[in-house]
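FYI, it's all coordinate maths here, none of it is from the lab. As the structure is a computational prediction, the values presented were derived from the model and not from experiment. Every residue, glycine among them, receives a Cβ derived from its backbone with ideal geometry; neighbour counts consider all protein chains shown.
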Amino acid sequence: MEGEHHHRNLQGGGARAAVFGVSDGLVSNVALVLGIAGAHSSGGAVRLAGLAGLVGGAFSMAAGEYVSMRAQSELFERELAVEREAIRAEPEGERNELALIYRDRGIGPQLADALSTEMMRDPELALQTHAREELGIDPEQTGKPLQAAVSSFLTFAVGALVPLLPWLFVEGTTAVAWSVGLGAAASLAVGGALSFFTGRSWWWSATRQLLVATAAAGVTTLIGHAVGHGG
């Protein structure tokens, strides 16, 4: 219909997190692989460094995601337990608190009192309402740490594998060229995917992602050359 407008889904973070995971793995390992290659290292050394970057980075991302999500979940669960006890012990005080929140949002006193009274009739509905209105928490979405950790591990590994893949079959200048080409293509694809979530144009997000990866790879390659010649 005319006048309708649609918003992107900002709550479904799974796909968004996957794209960012691939981006992190790609940028970090393309820099590592080309940096080691820039030092004129053997193909075996580049493969070892790339695999170490892939596995170490994936485990680091997974561990960090798990710890942060677990801490967040425990915090949310604690706050929900406190709120549940408050609703049980002091229902009238919690009702008044909810009514005040509604008034602060511009709802008239009588309607605010009626709404808060209705919400407090069901303890579980009251908990959900207080959690959302007072704490900003969705009781049904307190996080899944293990799922987030596994997702971070896999997506980072996928991104990190891209620049390493040529070195599993060829070496030297050919492998470097393939790493650069695959890294550039993957950067453009990842940047384009990110544009779906940011709302920016495809070419802008793709170009930005490519420039970030190029800068990281360029710096580490120069360092690799300097260290290699210095050695």
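The calculated FRET efficiency for residue 111 paired with residue 138, based on their beta-carbon distance and R0 = 22 Å, is about 0.35.
For a test of the definition: using alpha carbon positions, the gyration tensor, and the 1.5 limit on a/c, classify region 75-149 as rounded, prolate or oblate. The shape class here is prolate. Axis angle, to the nearest 10 degrees, between helix 172-198 and the longest C-alpha principal axis of the chain: 20 degrees. Fewest neighbouring Cβ atoms within 10 Å first, the residues 225, 130 line up as 225, 130. What is the helix-to-structure angle for 109-119, meaning the angle in degrees between its Cα long axis and the longest Cα principal axis of the chain, kept from 0 to 90 and rounded to the nearest 10? With rounding to tens, the tilt is 70 degrees.
Taking label positions 7 Å along the Cα-Cβ direction at both residue 42 and residue 122, the computed distance is 6.9 nm, reported to one decimal.
Cα convex hull, the chain: 173 Å³ per residue, rounded to a whole number. Think of it as helices only: each DSSP H run of n ≥ 4 in the chain is worth -39500 (n - 2.57), and spread over all residues that comes to -27500 deg cm²/dmol at 222 nm. In the chain, the longest principal axis of the Cα atoms and the axis of helix 145-164 are about 20 degrees apart.
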